[in-house]
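J.: Quick one: the structure is below, questions incoming.
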Amino acid sequence: MFGTLYIVATPIGNLEDVTLRALRVLKEVDLIACEDTRQTAKLLGRYGISTPTISFHEHNERERTPHLIRRLKEGQSVALVSDAGAPVLSDPGLVLIDRALAEGIPVVPIPGPSALTTALMAAGLPMERFFFVGFLPATRGQRIKMLRKLRDFPYPLILFEAPHRLRHTLDDLCETWGNQPVVLAREMTKIHEEFLRTTLEDLRQQMASRDIRGEIVLVVGGAHPSETQTSVEMAPLLDQVRSFVRRYRLEPKTAARIVGDLHRVNANILYREYVKTRLAVPDEA
């Protein structure tokens, strides 16, 4: 009978945030695969857990995965933990999980702390929907390319960033996204926890002269929906504008205002899109 692979979320700073279930699992498994055994040792020592550990990080996960799979197939149970928070979210572990699932080995998540959800809870921005970006590419060219693709996304975006790269990232965000609202969350759950709620340009100015420490989460407000409508997304609305122009002999600006009011879309943007496509629809004049 196969053992179980447990995916265990661990505290992102305050060791008191660990769940009772996580502590029980860490005590009962045969082995704990850690992103950094020294970091995990702090948690295990705090709660008197003596389970053996093995390093499992981005540089050795492909090498270590066959070893862990063999132990799981022998009936041993293994807990996978990252340095902090939920494994796999911008941390190693997917290779092991994919292999375990392919082999029919049970994979059980043990939920708990996460930098992602912790930042969202206190950001103060609308969070009905959001997009998790994680870490941006290290090279500026690739970083700019990704940011441009995300520029018109209508929901808040969550980014992880290292302190030594924060200034460069803020420069690129201001260049590609403009002066969007932003929340910087730093050292969450720790003594020096900090939340800065401001705009990208103001945050860039604040960080220019600061000694930046600790892992950082940026929550950037999404583009206004009326600014993100593409011609494809607005096609049904444009059809309605054309219908109003033809059927009721309305001026295009008037028709755009009525349709905009009905669907809560910026009438000016709707009118501009109408003008762009007008030559392709000659029968609407």
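The values are calculated or read from the model by the stated rules, or taken from the named source; none is laboratory data. Keep in mind that what you see is a predicted model, and the values were worked out from it rather than measured. What goes into the accessible areas is simple: the full protein's heavy atoms, side chains included, and nothing from ligands, DNA or RNA. Shrake-Rupley method; radii C 1.70, N 1.55, O 1.52, S 1.80 Å.
J.: What is the antiparallel percent of DSSP beta bridges lying wholly in the chain, to the nearest 5? Could you put the intermediate results ahead of the total?
T.: Values: 17 of 35 bridges.
Taking every DSSP beta bridge with both residues in the chain, the antiparallel ones total about 50 percent.
J.: Would you mind checking which residues have amide H under 5 Å from Ile32's amide H? H placed 1.01 Å from N; only 5 or more apart, or other chain.
T.: Result for Ile32 returns Thr53, Ile54, Ala79.
J.: Mind running the shape call on the stretch 47-100? Use the C-alpha gyration tensor, a ≥ b ≥ c as the square roots of the eigenvalues: rounded below 1.5 for a/c, prolate if a/b tops b/c, oblate otherwise. Working shown, then result.
T.: On the way: a/c = 1.71, a/b = 1.02, b/c = 1.69.
It comes out oblate by the Cα gyration axes.
J.: Near the amide H of Gln76, under 5 Å away, which other amide H atoms are found, from residues 5 or more places off or on another chain, if H is placed in the peptide plane?
T.: Placed amide hydrogens put Gly3 under 5 Å from Gln76.
J.: Shifting gears a bit: Going by Cα centres, the stretch 119-165 and the stretch 48-110 are how many Å apart?
T.: Using only Cα atoms, the two centres lie 27 Å from each other.
J.: Carbon-plus-sulfur fraction of the accessible area of the stretch 48-159, 1.4 Å probe, in percent?
T.: Details: 3170 of 5850 Å².
C and S fraction of accessible area: 54 percent.
J.: Here is a further query. Can you return the lysines within cross-link range of Lys190? Criterion is Cα-Cα under 23 Å, with same-chain partners fewer than 8 residues away left out.
T.: Lys42
J.: Search the structure for amide H atoms under 5 Å from the amide H of Ile12, placed 1.01 Å from N in the peptide plane, and list their residues when 5 or more places away or on another chain.
T.: For Ile12, whose amide H was placed from the backbone, the distant partners under 5 Å are Gly85.
J.: For the stretch 31-89, what does the relative contact order come out to in percent, with C-alpha contacts under 8 Å and a separation of six or more? List each step's numbers first, then the result.
T.: On the way: 60 pairs, mean separation 28.9, N = 59.
That works out to 49 percent.
J.: In bins 5 Å wide, starting from 0, what share of all Cα pairs of the stretch 20-137 does each bin hold, as a percent?
T.: 2, 10, 20, 22, 19, 13, 8, 5, 1, 0
J.: Okay, helix-only estimate at 222 nm for the chain: each DSSP H run of n ≥ 4 adds -39500 (n - 2.57), divide by all residues, round to 500 deg cm²/dmol; what do you get? Spell out each step's value before the answer.
T.: Numbers: 12 runs with 123 residues, N = 285.
After summing the helix terms and dividing by residue count, I get -13000 deg cm²/dmol.
J.: Sticking with this structure for a sec: Any idea what the relative contact order of the chain is, in percent, if you count C-alpha pairs under 8 Å spaced at least 6 apart?
T.: On the way: 474 pairs, mean separation 46.7, N = 285.
Dividing the mean separation by the residue count of the chain yields 16 percent.
J.: Next up: For the stretch 1-49, just the Cα set please: Rg and Dmax, both in angstrom.
T.: Reported Rg and Dmax, both Å: 10.9, 37.
J.: Treating the stretch 1-89 as a set of equal point scatterers at the Cα positions, no solvent, please give the Debye-formula log₁₀ I(q)/I(0) at q = 0.22 Å⁻¹.
T.: For the stretch 1-89 at q = 0.22 Å⁻¹, log10 I(q)/I(0) is -1.08.
J.: Write down, largest first, the equivalent ellipsoid semi-axes of the chain in whole Å, where each equals the square root of 5 times an eigenvalue of the alpha-carbon gyration tensor.
T.: 48, 24, 16
J.: Divide, for the stretch 94-196, the radius of gyration over alpha carbons by 2.2 N^0.38 Å, where N is the residue count. Can you show the working numbers first?
T.: Numbers: Rg = 16.5 Å, N = 103, 2.2 N^0.38 = 12.8 Å.
In units of the globular-protein estimate, the stretch 94-196 measures up at 1.29.
J.: Give me the 1.4 Å probe accessible area per residue for the stretch 52-191, excluding ligands and nucleic acids, in Å². Mind showing how you got there, number by number?
T.: Details: 6940 Å² over 140 residues.
Per residue, the stretch 52-191 has an accessible area of 50 Å².
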